[in-house]
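Read-outs: derived from the displayed coordinates by stated rules, not from any lab. Just so it is clear, the structure is predicted and the values come from calculations on it, not from any experiment. Backbone-built Cβ (ideal geometry, glycine too); neighbour counts: all protein chains shown.
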Amino acid sequence: MNTCEVLLEDFLNKEQPHSAQELHFTGVPGKDVYNITAPFEDEGELVIAGRVESRDSEQSEVYFFVNRDGKWQPRENASVFQLQDPFYTRIKDELVLGGVEIYPHPTIKDALAWRTIFYKGKNLSNLEMFFKGPDGMKDLRLIELADGSIGVLTRPQGDKGGRGKIGFTTISSLKELTVSVVDDAPLLEGQFIDEEWGGANEAHLLSNGLIGVLGHIASFDDEGNRHYYPMVFSLDPVSGEHSAIEIIGQRSDFLPGPAKRPDLVDVVFSGGLIRNEEGTAELYAGLSDASAQKIKMKDPFIKYEQQGEK
């Protein structure tokens, strides 16, 4: 397994992302929008889900934004969810939306706990909650696979996952998704040293049946500052074999901007990736827990699709 430092050195020797662009959000005065999804279609128009909160608070809401004259504004009459870090996928022709729910810790006074919440429906206007993940787990993701089964990417912490490692299992349908299934998912070996951590942010079904995982890898420095990097790897859902992690960007690739706190200056949180036909991709990301941008790069999943048809 490689450390953030080694992976960053490898990244700097490759073709670099370029053409960073700030995304402008309106309609939420006095609040930041960050840790966004990539745009997705809902009822005929493109929508971005974004984490919205005050600079001095962790009390977050998820809004749905639509583009009006180059600026993203809250969609009229759209629901607002009491969640952090939204994400989406599509399973069995339904939209699946998720995010992190924060709630009072059940045993530690004045502390907060968290878990991943999932909703599903034909579109955003009729979402219904169908699953609450294990207490203390973020970065829980689902993906419909080529054979119709569902891949489940997990991120336990503590005794099993330390600061955070990625697990994977499969289920035949959403009805099989339970807390025990998530808790029992085997870890992907050799991805993170114990001092560092990471998680999956978005899963893509590749043309050869492999899963292209967009995620993050992170570390602390000696002063306690956090360093988050967007990364990718491929995963075979049948054998469980996976490629090595590759960093695909760093904070200095993006435009300068504010930070929520001094220890979050060097944070890029992968939101979503749009793959383009000409072999490029656009990464949508949260920056320093205070803003959102997109950046263009070579499609990082193409090389995984060239590994042969599954």
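Across all Cα atoms of the range 4-305, the radius of gyration (one decimal) and Dmax (whole number) stand at 18.0, 53 Å.
With the Cα gyration tensor of the range 24-164 giving a ≥ b ≥ c as the square roots of its eigenvalues, does the rule (a/c under 1.5 for rounded; else a/b larger than b/c for prolate; else oblate) give rounded, prolate or oblate? Because a/c hits 1.5 or more and a/b fails to exceed b/c, the range 24-164 counts as oblate. Karplus-derived 3J(HN,Hα) values for the range 103-108, using 6.51 cos²θ - 1.76 cosθ + 1.60 with θ = phi - 60°, are 8, x, 4, x, 10, 9 Hz; glycine and proline are entered as x. Here is the list for the range 159-195: GluC sites (Glu not before Pro) lying in DSSP coil, each with at most 15 other C-beta atoms within 10 angstrom of its C-beta, are Glu189, Glu195.
Per residue, the average separation of C-alpha pairs within less than 8 Å and at least 6 apart gives the range 87-190 a relative contact order of 18 percent. A crude spin-label estimate for the pair Ser149 and Asn225, with each label 7 Å from Cα along the Cβ direction, gives 4.5 nm. Label separation (Met1 vs Gln16): 3.0 nm, computed from points 7 Å beyond Cα along the C-beta direction. When shorter helices are ignored and each DSSP H run of at least 4 residues is given -39500 (n - 2.57), the per-residue value for the chain at 222 nm works out to -1500 deg cm²/dmol. Taking a ≥ b ≥ c as the square roots of the eigenvalues of the alpha-carbon gyration tensor, the range 186-247 is classed prolate because a/c is 1.5 or more and a/b outweighs b/c.
The label-point distance for Glu305 and Ala244, in a model that sets each label 7 Å from Cα toward Cβ, rounds to 2.4 nm. Taking a ≥ b ≥ c as the square roots of the eigenvalues of the alpha carbon gyration tensor, the range 114-184 is oblate, as a/c is not under 1.5 and a/b does not beat b/c. Relative contact order of the range 4-305: 17 percent, from C-alpha pairs under 8 Å at least 6 residues apart in sequence. For the pair the range 11-28 / the range 197-231, the C-alpha centres are spaced 16 Å from each other.
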